[in-house]
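Trainee: Have a look at this one.
Throughout, read-outs are computed from the coordinates displayed, never taken from laboratory work. As the structure is a computational prediction, the values presented were derived from the model and not from experiment. Here the Cβ positions follow ideal geometry from the backbone for every residue, glycine too, while neighbour counts run over all protein chains shown.
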Amino acid sequence: MDEAFSFVFLMLASTLRVATPLVLCAMGGLFSEKGGIVDVGLEGKMLMAAFFAAATASVTGSAWAGVAAAIIAAEALALLHGLACITYRGNQVVSGVAINILAAGLTVVLGAAWFARGGQTPPLVGDQRLAPLFLPGAGDNILVYAALLSVPLTWWIIARTRFGLRLRAVGEMPLAVDAAGLSVAWLRYRAVLLCGLLAGLAGAYLSIGQNAGFSRDMTAGQGFIALAAIIFGKWRPLPALGACLIFGLLDAMAIRLQGVRVPGLGEVPVQLIQAMPYLLTMFLLAGFIGRAVAPKAAGVPYEKEH
Amino acid sequence: MNRWLGSAVALIAMSVLAPVMAQTTIKPAVVYSTGGKFDKSFNEGVSAGAEKFKKETNIAVAEFEPNNETQFEQALRRFAQRGQDPIVAVGFSQAVALEKVAKEFPNVRFTIIDSVVKLPNVQSVVFKEQEGSFLVGVLAALASKSGKIGFVGGMDIPLVRRFQCGFEQGIKYANPNAELISNMTGTTPAAWNDPGRGAELAKGQFDRGVDVVYAAAGSTGIGILQAAKDRGNLGIGVDSNQNHLHPGTMLTSMLKRVDLATYNSFKAAQTGQWKGGVQVLGLKEGGVDWALDKDNEKLVTPAMKAKVEAAKADIVSGKIVVHDYMSNNSCKP
C-alpha cells in the first residue's frame, strides 16, 4: 500500500515537473491564438528566456532577477512578433519560425561571448536557482504552482472578463471589433504580450528551476509540444492542461518503464518506450479528439477597409 | 651565381634534413562532436589536449563545433581543403564522414577517436571503456548503502552499452547482491545534449532507491550529476575528470584520456612520427583510469581505494578479464 502510494506520488511529481513548462507555454499560446495571432515562436521565446534567466541569475546571484530577465527577454521577442504580424501584417508563421531561429543562434553566440563555455552558462548554485517550496524531493518550485494557477486564471480571463470577450472577438471577427470602435491592434498586442509573459516564465523554469544553468537548445521542442497541446485542447485552457499533463505523464512513464522487465516479454526495448508518447499522440489525434476548430481569424492579418 | 648556388645547396640540405629535424610546422585541426567543446566531458577532454599542445608549441589549432551530424563531412572536407593536417575527428558518429573525406584527401592525416576507420592515412584511437567503468563500478558498489546503483547512458549505442557492461561487472565483482538500474537518454544524437532529461532519469532512479549514479552521457551528464547533488546522492562522472563539478557528492570520474590521444596525435605529426592504424588504449596503456583528487578524497576510504587499486592491478596483469560488450553485442561472454 505504502509502496503503491509512493509510486503514484513520485509519478505525479515527475509528471508535474515535466509538464510545467508545457502548461505555461500552452496558456501563453492560448492568449495569442485566441486573439488571432498564431505563435510558432513559443519555442524561441522560451529558449531566449531560459538563456537570459540563467545568465542574469549567474551574474547577479539572484533567481528573481533571473525570472525578471526571462520575462523581459520573452517580451522583447513577443513585441518583435507583434510588430511583424500586427503592425506590419506579415505572415505569422514566418515570423514565428524566424524567432525560433534567431533564439537558437543568438543564445549560443551570446553565451559563448559572455561566458566562454560553448554557449552554456556557468552552473547555478544556491540562491541562483528557484528552490523547492514544500517538498524538497519533488522539486516543486514556485513556477510549478504558477503554472497550475495560470490555467484557471487563463480560463477566467478569457471566458469571464470584458477583455476576454473582446480578445475572443478579435480572434474570430476583428471587423466586428473594429466596427464597435475598439482597436484591433492594441487588443492583439496585449494578447501577444501575455503570451510573452507566460513563455518567459516557462523559460525561467527550465534553466533556473528544473535545471541549473542554460545549455544549447535546452527547450528541445517543448514549445511545439505546447502548441500541439493547444490544438488537442481545442483552444480551451482546461483541456489544454489535460493534454500537457498527458504528455508529461507519458514522458514520466517512459522514464520509469525503461529497463523494467515485463513478465513473459523480458526487458522492453528503449526504442519502444521512447516511441510511446508519439504513438499515443497519433492514436489520440486520430481517434479521440474530434474536430478541433481554431479561432477563425487566427493567422490572418487584420487590414482596415479603406 | 654564387648566391644561387648557395641557396640551392641550402634547399637540398633542408629537404634532406627535414625528416631528421624534429620540429616541422603543422596546421592541426579538431572537429568536435555534437556535444560541443565545453560539455565538461568527452569533447572538453579533447579540447584540453589541444590546448596543451597549443601552449607548448605555439601552434594554432583550428576548431569546429558542428551543430548537427550533417556538418561533420563539410567541416572535415573544409579543413582538408584549407590544408589543415592532421585533423582530429571526435566521436564515433564521424566515422562515415571521415572515411569519405579521408579517401578524397589521401595526403591529409586524420585521427578518429572512438571508432575505427581502416585507411592508411587514418589513425583510429579506441579505448577499453569497460576496464575504466569496471573500476568505478567497484567503487560504486562499495559506496552504495542501498545496494542499488544507477547508470544513465547517452545515446543507446553499443559503445555506451560497453560502459554499462563494464560498470555492471565491477559492481558484481565488489558486491554480487547489488542491483543495477540502467537508463538510456535517447536514441538520437540529441541524447548527448539533454541535461533536463538526464536529471529526470536520474531522479527516477533515486526514487527507486538508487544512491550512486554513473553518468555516461556527455553534456546530458551535467543534469544527472546536478540531480545527484540536489538529492544528496553520489554521482560518477565520465571522460574528463568531473569531480570538480560538485565537490563532496562526486564519488569519482571514469577518465578516458582523449586529451592524451589528441595531444599525442598532434605531437607525433609535429615530430614526424605520426602513423596510421588502430590504437587500443586500456588501463595498461594509461588510456582509462579512475579519478582521485582533493574533491573526492573524503568520499573514498582507504579500504575502498585499496580494493579498487587491487582490481586495477588484476586487470593490468590479466588476472581479471573485463568482458567487452562490443565483442559480441551482449553483456555475457
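Trainee: Exposure proxy check: B:Ser265, B:Ser182, B:Ser330 ranked by fewest other beta carbons within 10 Å?
Mentor: B:Ser330, B:Ser182, B:Ser265
Trainee: Beyond 21 Å between alpha-carbons counts as too far, so tell me which of B:Lys40/B:Lys256; B:Lys172/B:Lys332; B:Lys54/B:Lys118; B:Lys55/B:Lys128; B:Lys40/B:Lys284 fall in that bin.
Mentor: Too far apart for the 21 Å limit: B:Lys54/B:Lys118; B:Lys55/B:Lys128; B:Lys40/B:Lys284.
Trainee: Next question, about the same structure. Is the C-alpha gyration tensor of chain A telling us rounded, prolate or oblate? Criteria: a/c under 1.5 is rounded; beyond that, a/b larger than b/c is prolate, otherwise oblate. Don't skip to the end; give the middle numbers.
Mentor: Details: a/c = 1.86, a/b = 1.30, b/c = 1.43.
Oblate, because a/c is 1.5 or more while a/b does not exceed b/c.
Trainee: In a Debye calculation with equal point scatterers on the alpha-carbon sites of the protein assembly as shown and no solvent, what is log10 I(q)/I(0) at q = 0.06, 0.09, 0.10 Å⁻¹?
Mentor: Debye curve over Cα of the protein assembly as shown, log10 I(q)/I(0) at q = 0.06, 0.09, 0.10 Å⁻¹: -0.38, -0.78, -0.93.
Trainee: For the protein assembly as shown, which cysteines have no disulfide-compatible partner, meaning no other cysteine Cβ under 4.7 Å?
Mentor: A:Cys25, A:Cys85, A:Cys195, A:Cys244
Trainee: Any idea how far apart A:Ala180 and A:Val293 come out in nm if each label point goes 7 Å out from Cα toward Cβ?
Mentor: Roughly 1.9 nm, to one decimal.
Trainee: Sort B:His323, A:His81 so that the residue with the fewest other Cβ atoms within 10 Å of its own Cβ comes first and the one with the most comes last. Don't jump to the answer; show the numbers that get you there.
Mentor: Details: B:His323 17, A:His81 27.
In order of increasing Cβ crowding within 10 Å: B:His323, A:His81.
Trainee: Run the dipole for chain B about the Cα centre, Lys and Arg Cβ at +1, Asp and Glu Cβ at -1, nothing else charged, and hand back the magnitude in debye, nearest 20.
Mentor: Details: 37 positive and 32 negative charges, 108 e Å.
Taking the Cα centre of chain B as origin, the dipole is about 520 debye.
Trainee: Mean-square fluctuation check for chain B, GNM, Cα pairs under 10 Å: which of B:Glu168, B:Glu65, B:Glu285 is largest?
Mentor: With Cα springs under 10 Å in chain B, the top fluctuation among B:Glu168, B:Glu65, B:Glu285 is at B:Glu285.
Trainee: Can you tell which of A:Ser183, A:Ser95, A:Ser58 shows the greatest fluctuation in a Gaussian network model of chain A with Cα springs below 10 Å?
Mentor: Comparing A:Ser183, A:Ser95, A:Ser58 in the GNM, the peak value goes to A:Ser183.
Trainee: Tell me whether the stretch B:264-333 comes out rounded, prolate or oblate; compute the Cα gyration tensor, take square roots of the eigenvalues as a ≥ b ≥ c, and use a/c under 1.5 as the rounded threshold. Write down the numbers at each step before the final one.
Mentor: Numbers: a/c = 2.61, a/b = 1.35, b/c = 1.94.
The shape class here is oblate.
Trainee: Compute the distance in nm between two label points, each set 7 Å from the Cα along the Cα-to-Cβ direction, one at A:Thr60 and one at A:Ile72.
Mentor: 0.7
Trainee: May I pose another question? Between B:Leu119 and B:Val280, how high is the FRET efficiency from 1/(1 + (r/R0)^6) when r is the Cβ-Cβ distance and R₀ = 22 Å? Nearest 0.05. Before the final figure, lay out each step's value.
Mentor: On the way: r = 17 Å, r/R0 = 0.79.
The formula returns an efficiency of 0.80 here.
Trainee: Something else about it: If the cut-off is 14 Å between C-alpha atoms, which aspartates and glutamates fall inside it for B:Lys267, apart from same-chain ones fewer than 8 positions away?
Mentor: Within the straight-line limit of under 14 Å, B:Lys267 reaches these aspartates and glutamates: B:Glu51, B:Glu56, B:Asp85, B:Asp259.
Trainee: Quick query: amide H of B:Lys27 versus all other amide H atoms, modeled in the peptide plane; which residues come in under 5 Å with a sequence gap of 5 or more or a different chain?
Mentor: Excluding prolines and chain starts, which carry no amide H, the hits are B:Asp85.
Trainee: Using only the Cα atoms, what convex hull volume per residue in Å³ does the stretch B:197-240 have?
Mentor: Values: hull volume 2.4 nm³, N = 44.
Dividing the Cα hull volume of the stretch B:197-240 by its residues yields 54 Å³.
Trainee: In addition: Tell me what the protein assembly as shown gives for mean residue ellipticity at 222 nm when only DSSP H runs of n ≥ 4 count, each as -39,500 (n - 2.57), the sum divided by the residue total, rounded to 500 deg cm²/dmol. Show your work: numbers first, answer last.
Mentor: On the way: 22 runs with 345 residues, N = 639.
So the helix-based figure for the protein assembly as shown works out to -18000 deg cm²/dmol.
Trainee: Once you average over the residues of B:182-193, how many Cβ atoms of partner chains fall within 10 Å of each Cβ? Mind dumping the intermediate values first?
Mentor: Values: counts 4, 7, 6, 4, 4, 5, 1, 0, 3, 1, 0, 5.
Neighbouring Cβ atoms belonging to other protein chains average 3 per residue here.
Trainee: Just add up the charged neighbours of B:Asn233: K/R +1, D/E -1, any other residue whose Cβ is under 13 Å from the Cβ of B:Asn233. Mind dumping the intermediate values first?
Mentor: Numbers: positive: B:Lys145, B:Lys148, B:Lys203, B:Arg208, B:Lys229, B:Arg231; negative: B:Asp207, B:Asp211, B:Asp230.
Taking every other residue near B:Asn233 into account, the sum is +3.
Trainee: Given R₀ = 45 Å, what would the calculated FRET efficiency be for B:Thr57 paired with B:Glu309, taking r from the Cβ atoms and rounding to 0.05? Don't skip to the end; give the middle numbers.
Mentor: Values: r = 35 Å, r/R0 = 0.78.
Efficiency at R0 = 45 Å is approximately 0.80.
Trainee: Near the amide H of B:Phe151, under 5 Å away, which other amide H atoms are found, from residues 5 or more places off or on another chain, if H is placed in the peptide plane?
Mentor: Correct list: B:Ile181, B:Ser182, B:Asn183, B:Tyr214.
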